[in-house]
1. Could you give each residue of region 33-49 its phi-based ³J(HN,Hα) in whole Hz, using Karplus coefficients 6.51, -1.76, 1.60 with θ = phi - 60°, and x for Gly or Pro?
2. Using a 1.4 angstrom probe on the protein heavy atoms only, could you order Phe29, Phe37 from most to least accessible area?
3. At 25 °C and 0.890 mPa s, what whole-number value in µm²/s does Stokes-Einstein give for the translational diffusion of the chain, with Rh from the Kirkwood sum over Cα pairs?
4. Just for the Cα atoms in region 50-100, what are the lengths along the principal axes, largest first, rounded to whole Å?
5. When each pair of different Cα atoms in region 2-69 is counted once in the 1/r mean, what is the Kirkwood radius in angstroms, to one decimal?
Amino acid sequence: QVQLVESGGGLVQAGDSLRLSCSPSGRSFDIYLMAWFRQAPGKEREHVAGIRWNDDNTYYVKGQFTISRDKAKNTMYLKMNSLKSEDTGVYYCAAKNSADASEYVYWGKGTKVTVSS
(Lines give C-alpha, C1' and ligand atoms only; values in the text may rest on other atoms or scores of the structure.)
Protein backbone atom coordinates (compact mmCIF):
# COMPACT_ATOMS: atom_id res chain seq x y z
CA GLN A 1 0.00 0.00 0.00
CA VAL A 2 0.97 3.57 -0.63
CA GLN A 3 -0.29 6.43 1.47
CA LEU A 4 -0.47 9.90 -0.06
CA VAL A 5 -0.71 13.05 2.00
CA GLU A 6 -1.33 16.45 0.44
CA SER A 7 -0.61 19.79 2.04
CA GLY A 8 -0.27 23.44 1.16
CA GLY A 9 -3.85 24.42 0.45
CA GLY A 10 -5.50 27.46 1.94
CA LEU A 11 -7.38 30.68 1.36
CA VAL A 12 -5.71 33.11 -1.00
CA GLN A 13 -6.69 36.07 -3.12
CA ALA A 14 -6.94 36.10 -6.88
CA GLY A 15 -3.51 36.60 -8.40
CA ASP A 16 -1.69 34.94 -5.51
CA SER A 17 0.41 31.80 -5.70
CA LEU A 18 0.38 28.54 -3.81
CA ARG A 19 2.55 25.46 -3.81
CA LEU A 20 0.89 22.17 -3.00
CA SER A 21 2.86 19.18 -1.80
CA CYS A 22 2.21 15.46 -1.87
CA SER A 23 4.39 12.99 -0.01
CA PRO A 24 4.00 9.27 -0.54
CA SER A 25 4.79 6.76 2.17
CA GLY A 26 4.57 3.03 2.57
CA ARG A 27 5.44 1.10 -0.58
CA SER A 28 6.40 4.25 -2.44
CA PHE A 29 8.87 2.24 -4.51
CA ASP A 30 5.78 0.82 -6.25
CA ILE A 31 4.96 4.19 -7.73
CA TYR A 32 5.17 4.50 -11.50
CA LEU A 33 3.44 7.82 -11.99
CA MET A 34 1.90 10.47 -9.79
CA ALA A 35 -0.58 13.13 -10.71
CA TRP A 36 -2.64 16.02 -9.46
CA PHE A 37 -6.39 16.21 -9.83
CA ARG A 38 -8.81 18.83 -8.64
CA GLN A 39 -12.51 19.02 -7.99
CA ALA A 40 -14.31 22.33 -7.98
CA PRO A 41 -17.53 22.69 -5.99
CA GLY A 42 -20.38 21.03 -7.83
CA LYS A 43 -18.15 19.78 -10.63
CA GLU A 44 -16.49 16.54 -11.58
CA ARG A 45 -12.91 15.82 -10.70
CA GLU A 46 -10.48 16.82 -13.42
CA HIS A 47 -6.92 15.87 -14.23
CA VAL A 48 -4.34 18.64 -13.84
CA ALA A 49 -0.84 17.24 -14.43
CA GLY A 50 1.36 14.21 -13.85
CA ILE A 51 4.96 13.18 -13.42
CA ARG A 52 6.60 9.85 -14.07
CA TRP A 53 8.47 8.74 -11.01
CA ASN A 54 11.49 7.10 -12.62
CA ASP A 55 12.54 9.93 -14.93
CA ASP A 56 10.53 13.02 -13.92
CA ASN A 57 8.89 13.17 -17.32
CA THR A 58 5.90 15.49 -16.94
CA TYR A 59 2.65 16.13 -18.75
CA TYR A 60 -0.01 18.75 -18.34
CA VAL A 61 -3.72 18.67 -18.84
CA LYS A 62 -4.22 22.11 -17.35
CA GLY A 63 -1.31 24.19 -18.57
CA GLN A 64 -1.21 27.01 -16.06
CA PHE A 65 0.48 25.13 -13.24
CA THR A 66 3.91 23.54 -12.79
CA ILE A 67 4.43 20.03 -11.49
CA SER A 68 7.75 18.94 -10.06
CA ARG A 69 9.36 16.49 -7.72
CA ASP A 70 12.09 16.61 -5.10
CA LYS A 71 13.68 13.19 -5.10
CA ALA A 72 15.56 13.77 -1.86
CA LYS A 73 12.34 14.66 -0.07
CA ASN A 74 10.28 12.12 -2.02
CA THR A 75 7.71 14.83 -2.54
CA MET A 76 5.71 16.01 -5.52
CA TYR A 77 4.70 19.64 -5.90
CA LEU A 78 2.18 21.67 -7.83
CA LYS A 79 3.11 25.32 -8.17
CA MET A 80 0.10 27.44 -8.92
CA ASN A 81 0.61 31.02 -10.00
CA SER A 82 -1.86 33.77 -10.84
CA LEU A 83 -4.68 31.93 -9.16
CA LYS A 84 -8.23 32.65 -10.20
CA SER A 85 -11.52 32.07 -8.43
CA GLU A 86 -12.21 29.16 -10.80
CA ASP A 87 -9.13 27.40 -9.38
CA THR A 88 -11.02 26.94 -6.13
CA GLY A 89 -11.49 23.31 -5.21
CA VAL A 90 -10.03 20.31 -3.50
CA TYR A 91 -6.73 19.19 -4.96
CA TYR A 92 -5.84 15.53 -4.80
CA CYS A 93 -2.69 13.65 -5.57
CA ALA A 94 -2.91 10.15 -6.96
CA ALA A 95 -0.53 7.42 -8.05
CA LYS A 96 -0.36 4.56 -10.48
CA ASN A 97 1.76 1.56 -9.72
CA SER A 98 2.52 0.50 -13.28
CA ALA A 99 2.60 1.76 -16.85
CA ASP A 100 -0.23 -0.64 -17.70
CA ALA A 101 -2.51 0.57 -14.95
CA SER A 102 -5.66 2.14 -16.34
CA GLU A 103 -6.68 3.62 -13.04
CA TYR A 104 -4.98 5.56 -10.31
CA VAL A 105 -4.93 3.12 -7.42
CA TYR A 106 -3.73 5.36 -4.64
CA TRP A 107 -5.36 8.64 -3.63
CA GLY A 108 -4.76 11.23 -0.99
CA LYS A 109 -7.56 12.85 0.98
CA GLY A 110 -7.05 16.20 -0.69
CA THR A 111 -6.10 19.71 0.27
CA LYS A 112 -8.57 22.55 -0.14
CA VAL A 113 -7.74 25.66 -2.13
CA THR A 114 -10.01 28.67 -1.96
CA VAL A 115 -9.32 31.66 -4.16
CA SER A 116 -11.25 34.79 -3.31
CA SER A 117 -11.85 37.39 -5.98
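The values are calculated or read from the model by the stated rules, or taken from the named source; none is laboratory data. Since the model is a prediction, treat every value here as computed from it, not as a measurement. Calculation scope for accessible area: heavy atoms of the full protein, side chains included, ligands and nucleic acids excluded. Shrake-Rupley method; radii C 1.70, N 1.55, O 1.52, S 1.80 Å.
1. Taking θ as phi minus 60°, the curve returns 8, 10, 8, 10, 10, 9, 9, 7, x, x, 10, 6, 5, 10, 7, 10, 6 Hz for region 33-49.
2. Phe29, Phe37
3. For these conditions, the coefficient is 174 µm²/s.
4. Cα extents, longest axis first: 34, 26, 18 Å.
5. It works out to 13.4 Å.
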